[in-house]
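We did not get these values from a lab; they are worked out from the coordinates using the rules stated. The structure presented is a predicted model; accordingly, all values stated were derived computationally and were not measured. Methodologically, a virtual Cβ is constructed for each residue, glycine included, from the backbone with ideal geometry; neighbour enumeration extends over all protein chains shown.
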Amino acid sequence: MEIKEMYAALGVSAEVYEHGEKVLADLTERFREVDRIAEINQCKVLHAMQENRVNATHFAATTGYGYNDDGRDTLEKVYADCFHTEAALVRPQITCGTHALAVALSANLLPGDEILAASGRPYDTLEEVIGIRPSPCSLAEYGVTYREVALLEGGQFDYEGIRAAIGEKTKLVHIQRSKGYQTRPTLSVKAIGELISFVKSIKPDLICMVDNCYGEFVETIEPSDVGADMIVGSLIKNPGGGLAPIGGYICGTKACVERCGYRLSAPGLGQEVGANLGLMTSLFQGFFLAPTVTASALKGAIFAANLYERLGFPVIPNGSESRHDIIQAVTLGSREALCAFCKGIQQAAPVDSYVTPEPWAMPGYDSEVIMAAGAFIQGSSIELSADGPCREPYAVYFQGGLTWQHAKLGILLSLQKLVDAGIVTLS
Ligand SMILES: *Cc1c(COP(=O)(O)O)cnc(C)c1O
């Protein structure tokens, strides 16, 4: 069968397919650069695995307390070496990215301390962790206060605002690399490094914590290479490589990470307990695959940006700018367009391709959200998925793709749905 017929069988018309090919023809150089970054990161991961002498005994399951769990301890050393940190906490007991961030914050803040969010309002679910939206067990309830300094109009840090906001009580600076559900530019590791140097020049003992969700392996360096005391993320995003079924990580200084271990399990126990429950193969192998899986997702994001930009939709990042995370925002402008886009992504999935996504109220979010995902791991956003809050400006946040070819199909089908709904006309 010809490729066009195969796409037709999957629901992509010849017109949409050819439109995609025209866009792709100009992306050869961009894709080459993505592959170059993946190659460097693959070397980094392999080196960390080899230095730590990863072997088959590390894949053995442990249960109960998990004392002397060599696989778990070795995985943590691999993460620490790869991200150039003194220590790492990488556990299936960390249930998601929000949990990892909650552990990192609550372990390192005491009553009377203040958090300073230097990249503006944090990711939606953190509002309850911090207590920006009142919530039981929030940091606010424990007497931790919060301040934020919004990014400037162009997305840069507001250095003067940040200087003015650092006070006696300021203990931890929160920096979010990815845009999350905002239409702002994502921060480069270089820009994050400059901010860290700046805040440490004002108050050297500040803890700089970077929410690294969606950013891992997109560049050849991580925020831990430019002075972050902790980088924090989810294993069902980039570093899990699509294979990790659960988990989160915190990599950073020994002092910070040790406290996180005590907060996650119990004071006195720390990192010494926590059985791996047979997940080690997935966590190691997922980390091994993560650089190339991230590259596939990036190619999808770059393709989507260029395709939708040419059709006149505002896209962030734009078609030509450099990438610092795997998220692509496309401002669709209406509820109908948002729903149509998500239907296309859903239809492309290997799992649950036959269901229709609908907007729904979600815990942790303050407006209805529509989500399209047909993933092997529930909620995995390194797998091809699209979601967006049903509010102005109706931006869809598109991410993932374990393979570039799957991401491509998803994007073509999203366009097909917009064409079918009469929202887009291809010339
Ligand atoms: C996904 C994400 C989180 C939260 O991770 P979950 O695994 O969904 O809890 C936090 N911050 C950012 C920037 C994210 O993208």
- line: Phi angles of segment 412-427, converted by Karplus (6.51 cos²θ - 1.76 cosθ + 1.60, θ = phi - 60°) into ³J(HN,Hα) in whole Hz with x for Gly and Pro, give 4, 5, 5, 5, 4, 5, 5, 5, 4, 7, x, 7, 10, 10, 8, 8
- line: Summed over the other residues with a beta carbon less than 15 angstrom from that of residue 303, with K and R at +1 and D and E at -1, the charge totals -1
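Is it possible to state the helix-based mean residue ellipticity at 222 nm for the chain, with each DSSP H run of 4+ residues giving -39500 (n - 2.57), the sum divided by total residues, to the nearest 500 deg cm²/dmol? What is it? Could you put the intermediate results ahead of the total?
On the way: 12 runs with 165 residues, N = 427.
Roughly -12500 deg cm²/dmol at 222 nm, from the helical runs in the chain.
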task: Round to the nearest 10 and give me the degree value, 0 to 90, for the angle of helix 14-24's Cα axis relative to the longest principal axis of the chain.
output: 50 degrees
message: How tilted is helix 97-108 with respect to the longest principal axis of the chain? Cα atoms for both, answer in degrees (0 to 90, nearest 10).
response: 20 degrees
- prompt: Percent relative contact order of the chain, based on C-alpha pairs within less than 8 angstrom and at least six residues apart?
  reply: 18 percent
message: Amide H of residue 170 versus every other amide H placed in the peptide plane: which residues, excluding those fewer than 5 positions away on the same chain, fall under 5 Å?
response: 114
field: Sorted peptide list for 226-236, 301-311, 316-326, criterion being average Cβ within 10 angstrom, highest first
entry: 226-236, 301-311, 316-326
query: So which residue, out of 130, 221, 202, gets the largest mean-square fluctuation from a GNM of the chain using Cα contacts under 10 Å as springs?
result: 202
- prompt: Expressed in nm to one decimal, what extension gain is obtained for the pair residue 358 and residue 26 from 0.36 nm per residue of sequence separation less their Cα-Cα distance?
  reply: 116.1 nm
query: Relative to the longest principal Cα axis of the chain, at what angle does helix 254-264 sit, 0 to 90 degrees, rounded to 10?
result: 80 degrees
message: Please give me the summed charge of the neighbours of residue 410: other residues whose Cβ is under 15 Å from its Cβ, Lys and Arg +1, Asp and Glu -1.
response: +1
- prompt: Which links in 4/417; 22/44; 22/417; 77/237; 77/408; 179/343 stretch past 27 Å when you go from one Cα to the other?
  reply: 22/44; 77/408
- prompt: Order of 249-255, 411-417, 60-66 by packing, highest average Cβ count within 10 Å first?
  reply: 411-417, 249-255, 60-66
- line: Once Lys and Arg are counted +1 and Asp and Glu -1 for all other residues with Cβ under 12 Å from that of residue 144, the total becomes 0
message: Nearest 5 percent is fine: what portion of the DSSP beta bridges confined to the chain is antiparallel?
response: 60 percent
